[in-house]
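Beneath this line is the structure, given in structure tokens, with notes to follow.
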Amino acid sequence: MFRWWIRKRNKLKKEPEDLGEVLLTWPDEEIQKYIRDYFGYSSNKNKKIELHRIRRLDLDTIILGIARMKEIEESFDNSKTVPSFIAATVFMLTQVFNFYTDDEKFQLIFILVSYFIFFVVIFIIKNGSDHRSRAAQYRSLLEQVKSEKEKAS
């Protein structure tokens, strides 16, 4: 049942017909799913056909798509938020440990909570890193097609 929920959640809500619409109007999460489904390592879609779809876009749509990919990369950039979050978490946990060190039961509970928080943060960082790398991959394709179009004109 859990695998079914993950597959259902990871599927695209609709199949893309117009690539310009995907780049300009779809939400970030749907664009990430599109990139994963059409250009991911485990994708069974034909990547060359998708590259030809990118080549058929007009220059303005490509430029706007590059800007959108840069925006997605910036929104999933964990390098700015994670260090401060980790420092604040360590500070708060040490204060709580110092306050409740007398009772061993509380020590065990706080250690378990700390591990849980750590694994949740690691999962979030990994997820953001995947989104960022997909956006960078797609942006490089768009930039390549843009340079091809500029050389041709």
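The values are calculated or read from the model by the stated rules, or taken from the named source; none is laboratory data. Here the structure is a predicted model, which means the values were calculated and not measured. Cβ sites come from the backbone with ideal geometry, for glycine too, and all protein chains shown count toward neighbours.
So which pairs qualify, if the first residue must be in segment 26-44 and closer than 20 Å to Ile66 by Cβ, the second must be modelled with pLDDT of 85 or more and assigned to a loop (DSSP other than H, G, I, E, B), the Cβ gap must be under 8 Å, and the two must be at least 6 apart or on different chains?
Short answer, once both residue conditions are applied: Tyr34/Trp26.
Identify the residue in segment 91-137 that is among the aromatic types (Phe, Trp, Tyr) and in contact with a helix residue (DSSP H, G or I) (Cβ under 7 Å, 6 or more places away or on another chain) and, among all such residues, is farthest from Ala67 (Cα to Cα). I'd like the intermediate steps shown before the answer.
Keep residues of segment 91-137 that are among the aromatic types (Phe, Trp, Tyr), which gives 91, 97, 99-100, 106, 110, 115-116, 118-119, 123.
This time we only want the ones that are in contact with a helix residue (DSSP H, G or I) (Cβ under 7 Å, 6 or more places away or on another chain), so: 97, 100, 110.
Numbers: Phe97: 46, Tyr100: 50, Phe110: 44 Å.
Ranking the candidates gives Tyr100 first.
Does segment 25-57 hold any residues that are loosely packed, with under 15 Cβ neighbours inside 10 Å, closer than 20 Å to Arg132 by Cβ and either modelled with pLDDT under 80 or hydrophobic (A, V, I, L, M, F, W, C) (or both), and which are they?
Tyr41, Ser42, Ser43
Provide a single number: the residues in segment 36-70 that are farther than 15 Å from Asp18 by Cβ and aromatic (Phe, Trp, Tyr).
Total satisfying the criteria: 2.
Under 7 Å between Cβ atoms, at least 6 apart or on separate chains: pull out the pairs that start in segment 49-63 with a residue that is in contact (Cβ under 8 Å) with a residue 60 or more places away in the chain and of a type in the set (Asp, Glu) and end on any residue that is surrounded by fewer than 11 Cβ atoms within 10 Å (Cβ to Cβ) and in a helix (DSSP H, G or I).
So the pair list comes out empty.
Could you list, in sequence order, all residues of segment 72-95 that are among the acidic types (Asp, Glu) and touching a residue at least 24 places away in the same chain (Cβ under 8 Å)? Even if it seems obvious, please write down each step before you answer.
Going residue by residue through segment 72-95, those that are among the acidic types (Asp, Glu) are 73-74, 77.
Hits for segment 72-95 are Glu73, Asp77.
Which residues, taken from segment 125-153, are free of Cβ contacts under 8 Å to residues at least 12 places away in the same chain and among the aliphatic types (A, V, I, L, M)?
Across segment 125-153, the qualifying residue is only Ala152.
What single numbered condition from (1) among the charged types (D, E, K, R); (2) modelled with pLDDT of 90 or more; (3) not in a helix (DSSP H, G or I) fails to hold for Lys146?
So the condition that Lys146 fails would be (3).
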